[in-house]
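**Student:** What follows is a single structure, and I will ask about it in a moment.
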Amino acid sequence: MKYFKETLYDSICQEFRIDKLYFEHKTDFQHLIVFHNAQLGRVMTLDGVVQTTEADEFIYHEMMVHVPLFAHGSAKRVLIIGGGDGGMLREVLKHPIEHVTQVEIDQTVVDMAKEYLPNHSAGSYDDPRLNLVIADGMDYVRESNGQFDVIISDSTDPIGPGEILFSENFYAAAKRRLSEGGVMATQNGVPFFQPDELRTTWQRMAPYFEDLCFYCAPVPTYYGGFMAFAWGSDNTCLRGINLQVLQGRFAESGIATRYYNPGIHSASFALPQYMVDALNEAN
Ligand code: SAM
């Protein structure tokens, strides 16, 4: 029996039994594997790191999309950086937005996700509101002059092609793509095992946003407890938005979710003490 062994950490790792291997290939940018596991369903890994599974992807995608979009309340233009599996796009397109640009570096990830993880994108790659750009997200935010109400960075970890998406240059350039009062949300690792990622993101994003903080949610196959998401905006009122307002927007939207609700939205900004301590050390 073959097992996938994650290689993100030195002394600890998680293993998933490969019950059926669908695809394995070294693309121009990374080592891509898609397989089936009896408990997790289809699983996608890149460079030895779990990216997404059918069993728990809803938690990650719903929290990275609905928190900034329901807080903003009237977003029309959204930018997704990365997100090749299509789960982020699926959730964004549930909102009455007019346009979404997705900038993904690796065409093969998009193609293999459409073929072997069809429930992630659920046909979203055919939506007429989508502008799919196959390019490095850093180049796009630096060179384009588009403006977006919400920017979501759904990147790999800060290794390989994803490293540049955790740089100060990326945050500075992405901020220039953000329309007035807009919100940026980024995946920011699992602080229990990756506290440096929390500290460095704080230090690198702080010069560019009036309001910078983190919110979190547990994603079972991201080993180590809570996943952290960075939140950056110049609109300092959005983070603490009134719960009744959120409940009204959520009810009116008719959007079905399996993790996200207005209560967990508000609660997700309450960080455990070890994250607060890590951030205090960054100051
Ligand atoms: N949820 C996952 C996580 O938290 O680790 C991320 C999932 S998503 C599949 C990550 C995507 O980022 C991949 O499709 C990868 O190709 C893309 N990516 C990595 N570096 C990139 C870059 N510099 N520009 C655009 N996309 C990038």
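The values are calculated or read from the model by the stated rules, or taken from the named source; none is laboratory data. Small disclaimer: the values here were computed from a predicted structure and weren't measured. Heads up, the Cβs are rebuilt from the backbone with ideal geometry, glycines too, and the neighbour counts pull from every protein chain shown.
**Student:** In the stretch 187-194, is there at least one residue being in contact (Cβ under 8 Å) with a residue 40 or more places away in the chain, touching a strand residue (DSSP E or B) at 6+ places or on another chain (Cβ under 9 Å), closer than 30 Å to E281 by Cα and more than 10 Å from the ligand (Cβ to nearest atom)?
**Tutor:** Here is the first cut: in the stretch 187-194, the ones in contact (Cβ under 8 Å) with a residue 40 or more places away in the chain are 187-188, 191-193.
Now drop any that are not touching a strand residue (DSSP E or B) at 6+ places or on another chain (Cβ under 9 Å), which leaves 187-188, 191-192.
Filter once more, so that each one left must be closer than 30 Å to E281 by Cα: 187-188, 191-192.
From the residues that got through so far, the ones that are more than 10 Å from the ligand (Cβ to nearest atom) too are 191-192.
Yes, the stretch 187-194 contains a residue that is in contact (Cβ under 8 Å) with a residue 40 or more places away in the chain, touching a strand residue (DSSP E or B) at 6+ places or on another chain (Cβ under 9 Å), closer than 30 Å to E281 by Cα and more than 10 Å from the ligand (Cβ to nearest atom).
**Student:** Can you name the residue in the stretch 102-148 that is in a helix (DSSP H, G or I) and among the small types (G, A, S) and is also farthest from the ligand (Cβ to nearest atom) among such residues?
**Tutor:** Start the filter on the stretch 102-148 by keeping residues that are in a helix (DSSP H, G or I), which leaves 107-116, 118-121, 124-126, 137-143.
If we keep only those that are among the small types (G, A, S) too, we end up with 113, 121, 124, 137.
Numbers: A113: 8, S121: 11, S124: 14, G137: 3 Å.
The selected residue is S124.
**Student:** Something else about it: Could you tell me whether N169 is part of a helix (DSSP H, G or I) and either outside the structural domain of E24 (by TED's automatic domain parsing) or free of Cβ contacts under 8 Å to residues at least 12 places away in the same chain (or both)?
**Tutor:** Values: part of a helix (DSSP H, G or I): yes; either outside the structural domain of E24 (by TED's automatic domain parsing) or free of Cβ contacts under 8 Å to residues at least 12 places away in the same chain (or both): yes.
Considered against the rule, which asks whether it is part of a helix (DSSP H, G or I) and either outside the structural domain of E24 (by TED's automatic domain parsing) or free of Cβ contacts under 8 Å to residues at least 12 places away in the same chain (or both), N169 comes out as yes.
**Student:** I'd like the residue in the stretch 30-80 that is of a type in the set (G, A, S) and under 15 Å from Y222 (Cβ atoms) and, out of all such residues, is farthest from the ligand (Cβ to nearest atom). Outline the logic, then answer.
**Tutor:** If we filter the stretch 30-80 for residues that are of a type in the set (G, A, S), which is where we start, we get 38, 41, 48, 55, 71, 73-75.
Narrowing further to those that are under 15 Å from Y222 (Cβ atoms): 48, 55.
Details: G48: 12, A55: 14 Å.
Here the residue is A55.
**Student:** Filter the stretch 24-69 down to residues that are in contact (Cβ under 8 Å) with a residue 24 or more places away in the chain, surrounded by fewer than 19 Cβ atoms within 10 Å (Cβ to Cβ) and touching a helix residue (DSSP H, G or I) at 6+ places or on another chain (Cβ under 9 Å), then give me how many there are.
**Tutor:** Residues meeting the conditions: 6.
**Student:** Could you pull out the residue among D127, D149, D111, D154 that is in contact with a Leu (Cβ under 6 Å, 6 or more places away or on another chain) and either modelled with pLDDT of 95 or more or of a type in the set (G, A, S) (or both)?
**Tutor:** Exactly one of D127, D149, D111, D154 is in contact with a Leu (Cβ under 6 Å, 6 or more places away or on another chain) and either modelled with pLDDT of 95 or more or of a type in the set (G, A, S) (or both), namely D127.
**Student:** Quick check: anything in the stretch 124-139 under 21 Å from W231 (Cβ atoms) and crowded, with 22+ Cβ neighbours inside 10 Å? Outline the logic, then answer.
**Tutor:** Let us first name the residues in the stretch 124-139 that are under 21 Å from W231 (Cβ atoms), namely 137-138.
From what is left, the residues that are crowded, with 22+ Cβ neighbours inside 10 Å are 137.
Within the stretch 124-139, one or more residues are under 21 Å from W231 (Cβ atoms) and crowded, with 22+ Cβ neighbours inside 10 Å.
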